[in-house]
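Q: Take this structure first; my questions come after.
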Amino acid sequence: MLRKIVKIDESKCDGCGDCVPSCAEGALQIIDGKARLISDLFCDGLGACLGYCPQVAITIEEREAEPYDERQVMDYIIKGGTNVIKAHLHHLKEHNELDYLNTALNYLEEKGIENPMNGGLNKPQEVKCGCPGSQTIQLEVLNNEVEEEGERTSQLRQWPVQLHLVSPRAPYFQNAELLLTADCVPFAYADFHKDYLKGKGLAIACPKLDSNKQVYLEKLVAMIDESLIKSINVLIMQVPCCSGLGNLAQQAVEMSQRKVPINYVVFGINGSVLEEGALN
């Protein structure tokens, strides 16, 4: 069947193993010094491992693959003991995979194994949460009663803005500060234009959904070495996969002849600033 599944670029993988514990199905192992997908059956294609690879060697592709088999995964998972089972069930709950969750709990019942998350996962049909990246959440809009008069002016000074589409040698990148932002940030942070975009060259990307990260690396290196950008300001959301954007910026600086500073800001899904600092 045609479905989404993990793809590992072995030419980039250095075998560090950072991705292995992030896979709740045990689909990734270090074999012969490289991270490898041990079976299509074990990969659910949700991308929990994205953002944990410092070499940006892991992506999601859509290809012909054997269907994900929750029962076979559970047969493997239970060998790891209670903590491993609990981590896997929590992973399914976070990603709102109710069918897989129901299958997993039924499997535990068949095997006479106690549900390690008893009380929270007894009724899969009632589980309504999702991971920070894909969870359905209705946020409360706070009325701070601040009156704004007139219209704000857009600080966007270029087109296009998507990293796949921009030219790294465009005039608006010349000797500029680069704002490299995850797609969702401008929607979450109300004062994006005023506080972050003004006066900067912009490139937006999604480290989880976008394909061909090698093109991104080449463009960022060209911006650093040829357009002589002054710095890279990375804006990401709090979801784990977003950290891949910071890793991408760091790798580009390491590959370039010039070394420019990288600053980052992490935003909560409610628009709050959770963390900020430097990456190099």
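The values are calculated or read from the model by the stated rules, or taken from the named source; none is laboratory data. Computed from a prediction, not measured in an experiment: that's the story for all the values here. Every residue, glycine as well, gets a Cβ built from its backbone with ideal geometry; the counts of neighbours run over all protein chains shown. For accessibility, only protein heavy atoms count, side chains too; no ligands or nucleic acids. Shrake-Rupley method; radii C 1.70, N 1.55, O 1.52, S 1.80 Å.
Q: For Rg and Dmax of the Cα atoms in Å, the listed values are (i) 21.2, 66; (ii) 17.2, 48; (iii) 21.9, 80; which was obtained by calculation from the structure presented?
A: For Rg and Dmax of the Cα atoms in Å, the calculated option is (i).
Q: Kirkwood hydrodynamic radius, the stretch 201-258, all distinct C-alpha pairs: what's the number in Å?
A: The Cα-based Kirkwood calculation yields 11.8 Å.
Q: Compute the accessible area per residue over the stretch 205-247, keeping the other protein chains in place, probe 1.4 Å, unit Å².
A: Numbers: 1410 Å² over 43 residues.
Ligands and nucleic acids excluded, the figure is 33 Å² per residue.
Q: Rule-of-thumb check for the stretch 39-114: C-alpha Rg over 2.2 N^0.38 Å?
A: Numbers: Rg = 13.4 Å, N = 76, 2.2 N^0.38 = 11.4 Å.
So the Cα radius of gyration is 1.18 times the expected 2.2 N^0.38 Å.
Q: Could you check the simple spin-label distance between Val84 and Asn175, using points 7 Å along Cα→Cβ, in nm with one decimal?
A: 5.9 nm
Q: Could you compute the FRET efficiency for Gln158 and Asp99, with r as their C-beta to C-beta distance and R0 at 51 Å, rounded to 0.05? Provide the component values of the computation, followed by the final result.
A: Numbers: r = 44 Å, r/R0 = 0.86.
Approximately 0.70, to the nearest 0.05.
Q: Turning to a different aspect of this structure: State, in angstrom, two size descriptors of the stretch 1-86 derived from its alpha carbons: Rg to one decimal place and Dmax to the nearest whole number.
A: 12.6, 36
Q: Which lysines, on any chain, are close to Lys12 with Cα under 25 Å apart, when same-chain ones fewer than 8 places away are left out?
A: By straight Cα distance, Lys12 reaches Lys4, Lys34, Lys208, Lys213, Lys219, Lys259.
Q: Report the calculated FRET efficiency for Lys230 and Arg36 (r = Cβ-Cβ distance, R0 = 30 Å), to the nearest 0.05.
A: Working: r = 40 Å, r/R0 = 1.33.
For R0 = 30 Å, the calculated efficiency reads 0.15.
Q: Go through Leu228, His90, Trp159 and say which Cα lies farthest out towards the positive end of the charge dipole of the chain; charges sit on Cβ, +1 for Lys and Arg, -1 for Asp and Glu.
A: Leu228
Q: Jot down the radius of gyration and Dmax of the stretch 163-233, Cα atoms only, both in angstrom.
A: When restricted to the Cα atoms of the stretch 163-233, Rg and Dmax are 12.1, 33 Å.
Q: Straight-line reach from Lys86: which aspartates and glutamates have a Cα under 16 Å away, not including same-chain ones fewer than 8 places off?
A: Cross-link targets: Glu25, Glu70, Asp75, Glu94, Glu97, Glu109, Glu114.
Q: Tell me, what is the percent relative contact order of the chain, built from C-alpha pairs under 8 Å that lie six or more residues apart?
A: Relative contact order for the chain comes out at 17 percent.
Q: Determine, for each peptide in 49-56, 262-269, the mean count of other beta carbons within 10 angstrom over its residues, then list the peptides with the highest first.
A: Details: 49-56: 21.8, 262-269: 18.8.
So the peptides 49-56, 262-269, ranked by packing, come out 49-56, 262-269.
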